[in-house]
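Read the figures in this text as sums done on the coordinates, not as results from a lab. Since we're looking at a predicted model, the values are computed, not measured. Using ideal geometry, Cβ is built from the backbone for each residue, glycine included, and neighbour counts are taken over all protein chains shown.
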């Protein structure tokens, strides 16, 4: 049975796009508490001693959600037209981020997620058409492909 919902953070600042680390111990989120959107990490749930530490991850505007690598070694985010990566270690209740580095440059569009291997990102970007205008984003997912194939082309035909 679910417990009663309660706010994780209460303040006058905006908090957005939370993302849990693969081990569930850390929460990355975007906040404007510095005067611009930056990426932060906090322990989750907060340690018994209180809210615990807060670590600013980005060093310039963070314009997107964060993606944790599955191996628990990197945190990625978009800053302007770049993807930046931050390696980190966790020691007890302390999160130790390294300096952000450029992971990819000139990335337009909206980011959709990190591939399981941590080497690729899904980017939703408008496509140039023959008319020169930008088309709307379009994503097509085909579910149950083999079931549909068997239905359309029965065995033995």
Query - Cβ-Cβ under 8 Å pairs, at least 6 apart or on other chains, segment 90-117 side assigned to a strand (DSSP E or B), far side surrounded by fewer than 12 Cβ atoms within 10 Å (Cβ to Cβ) - result: 90/96; 96/89; 114/120
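Just to be sure, is residue 22 closer than 27 Å to residue 7 by Cα, loosely packed, with under 14 Cβ neighbours inside 10 Å and out of contact with any strand residue (DSSP E or B) (no Cβ under 6 Å at 6 or more places or on another chain)? Talk me through it step by step, then tell me what you get.
Values: closer than 27 Å to residue 7 by Cα: yes; loosely packed, with under 14 Cβ neighbours inside 10 Å: yes; out of contact with any strand residue (DSSP E or B) (no Cβ under 6 Å at 6 or more places or on another chain): no.
No: the conditions fail for residue 22.
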Query - segment 54-69, residues that are buried (at least 22 other Cβ atoms within 10 Å of the Cβ) and either on the phi > 0 side of the Ramachandran plot or not in a loop (DSSP other than H, G, I, E, B) (or both) - result: 66, 67
